[in-house]
Amino acid sequence: MVDNTPPSGEGAQLIEVRTAAVPHVVPTLRTIVADIAMRQDFDLDAVEDLRMAVDEACSMLLPSAADGHLTCVFSWKDGRIEVTVSVLSDSPEPDDETGLSWQLLTALATSARRSVTPADGGYLSRVELIRESEAARP
């Protein structure tokens, strides 16, 4: 099994969801991130931005899920939420990071990055995004 855990500081809370790589599970993942953001006192705009960012990350990766599974890890601490969405794929090629989906994702998150690494006879395609609350920024 591939370790999908995002790098998080000591004391961070963590939820990992492994599910079928099908579009109808994405609303559940959106709801989880919205709940975390509300509990971290993010403003309503930031909550909605996170919901849309998770949606975009999942939409980017769902088509390449070779084993039919998608993993989403949510980590949070002190006004910072990290989300890592990953799938095992057959192809080492990442999606076009100049496309509209990637531009939208990077506009919705404080930071975002895409990576593809060899794993389990295929490739681990991963989108990592971070969103910090306005109150947490210096």
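The values are calculated or read from the model by the stated rules, or taken from the named source; none is laboratory data. Since the model is a prediction, treat every value here as computed from it, not as a measurement. Because the Cβ atoms are built from the backbone with ideal geometry, glycine has one as well, and the counts that use them run over all protein chains shown. Note: accessible area is taken over every heavy atom of the protein model, side chains too, but ligands, DNA and RNA are not part of it. Shrake-Rupley method; radii C 1.70, N 1.55, O 1.52, S 1.80 Å.
Quick look at the values:
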| read-out | value |
| --- | --- |
| Boolean, Gly68 is modelled with pLDDT under 95 and under 14 Å from Thr110 (Cα atoms) | no |
| Where a residue in the stretch 36-47 is at negative phi and its partner, wherever it lies, is surrounded by fewer than 22 Cβ atoms within 10 Å (Cβ to Cβ) and in a loop (DSSP other than H, G, I, E, B), with Cβ under 7 Å and at least six apart | Gln40/Gly79; Gln40/Ser133; Phe42/Ser133; Ala46/Ser133 |
| The stretch 22-40, residues that are open to solvent by 20 Å² or more (accessible area, probe 1.4 Å), in contact with a helix residue (DSSP H, G or I) (Cβ under 7 Å, 6 or more places away or on another chain) and more than 13 Å from Glu56 (Cα to Cα) | Met38 |
| Evaluation of Lys77 against (1) of a type outside the set (Val, Ile, Thr); (2) at pLDDT 90 or above; (3) open to solvent by less than 70 Å² (accessible area, probe 1.4 Å) (one fails), failing number | (3) |
| Leu44 of a type in the set (A, V, I, L, M) and either at pLDDT below 95 or surrounded by fewer than 16 Cβ atoms within 10 Å (Cβ to Cβ) (or both) | yes |
| Every residue from the stretch 51-74 that is crowded, with 18+ Cβ neighbours inside 10 Å, more than 12 Å from Glu128 (Cα to Cα) and free of Cβ contacts under 8 Å to residues at least 40 places away in the same chain | Arg51, Asp55 |
| Selection from the stretch 111-131 of residues that are of a type outside the set (Asp, Glu) and either open to solvent by 60 Å² or more (accessible area, probe 1.4 Å) or more than 17 Å from the chain's Cα centre (by Cα) (or both) | Arg113, Thr117, Pro118, Ala119, Gly121, Gly122, Tyr123 |
